[in-house]
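Before any comments, here is the structure.
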Amino acid sequence: MTNEEILLRLGVATLAGVLLGLDRELRGIAAGIRTHALVALSSALITVSAMMIHEDFTRQGHSGVDPLRVVQGLAQAVGFVAAGAIFFAKGTVHNLTSAANIWLAAAVGIVAGAGQTVLVVAGVGIGIAVLTVVRVLEKAIPGTTKSDD
């Protein structure tokens, strides 16, 4: 993997995180642009590192190094971060959408780190559609009283 390819993957992940965090930022929610960008960037960093380690070990004749274990570890770690963002107060649950959005930022970072640009574009596009278009549709449903999160 070239230095340019590494920088491109990290840049794509960070930009995707910025785009996903924009909705949260505009709504005044703590997990905004910087949080999502950093989650996506860190996921990409770890994924790129795992792929480079795998490449190095394979070149040296070592087998058994599995970069997918890194993805598994990331999934668990981000699950804890997202769960920590959720809280219950005054009879209602808060920050579920923010937690899900953080999870999506991590997934986008993983696929950006793996160089799967089509998945990054699709994930960010669909994610933004869910955050914006679906919000408008929810408001049109009679009898719904959902919070802004």
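In terms of other Cβ atoms within 10 Å, Val108, Val118 run from fewest to most in the order Val118, Val108. With everything on Cα atoms, drop me the angle between helix 117-140 and the longest principal axis of the chain, reported from 0 to 90° to the nearest 10. Taking the Cα atoms of the chain, the angle to 117-140 is about 10 degrees. Going by alpha carbons, how many degrees (0 to 90, nearest 10) lie between the helix axis of 68-85 and the longest principal axis of the chain? Its long axis makes an angle of about 30 degrees. If you plug the beta carbon distance of Leu96 and Gln76 into 1/(1 + (r/R0)^6) with R0 = 22 Å, you get a FRET efficiency near 0.70. Fully extending the segment from Thr117 to Ala140 would add 4.9 nm, taking 0.36 nm per residue of separation and subtracting the current Cα-Cα distance.
The fewest-to-most ranking of Ile141, Ile126, Ile86, Ile6 by surrounding Cβ atoms within 10 Å reads Ile141, Ile126, Ile86, Ile6. Placing one identical point scatterer on every Cα of the chain and ignoring solvent, what is log10 I(q)/I(0) from the Debye formula at q = 0.09, 0.12 Å⁻¹? With no solvent term, the Cα-only Debye profile gives -0.33, -0.54.
The ranking of Lys90, Lys139 by Cβ neighbour count inside 10 Å, starting from the fewest, reads Lys90, Lys139.
A simple spin-label model places the labels of Phe87 and Asp56 4.1 nm from each other, with each point 7 Å out along Cα-to-Cβ.
Among the trypsin sites (Lys or Arg not before Pro) within region 1-86, which fall in a DSSP loop and have no more than 15 other Cβ atoms within 10 Å of their own Cβ?
Values: sites: Arg9, Arg24, Arg27, Arg34, Arg59, Arg69; in loops: Arg27.
The qualifying sites are Arg27.
Summing Cβ point charges (Lys, Arg +1; Asp, Glu -1) relative to the Cα centre of the chain gives a dipole of roughly 440 debye. Computed from Cα positions, the angle between helix 3-26 and the longest principal axis of the chain comes to roughly 10 degrees.
Read the figures in this text as sums done on the coordinates, not as results from a lab. Everything quoted here is computed from the prediction, not taken from an experiment. With ideal geometry, Cβ positions are generated from the backbone for all residues, glycine too; neighbour counts draw on all protein chains shown.
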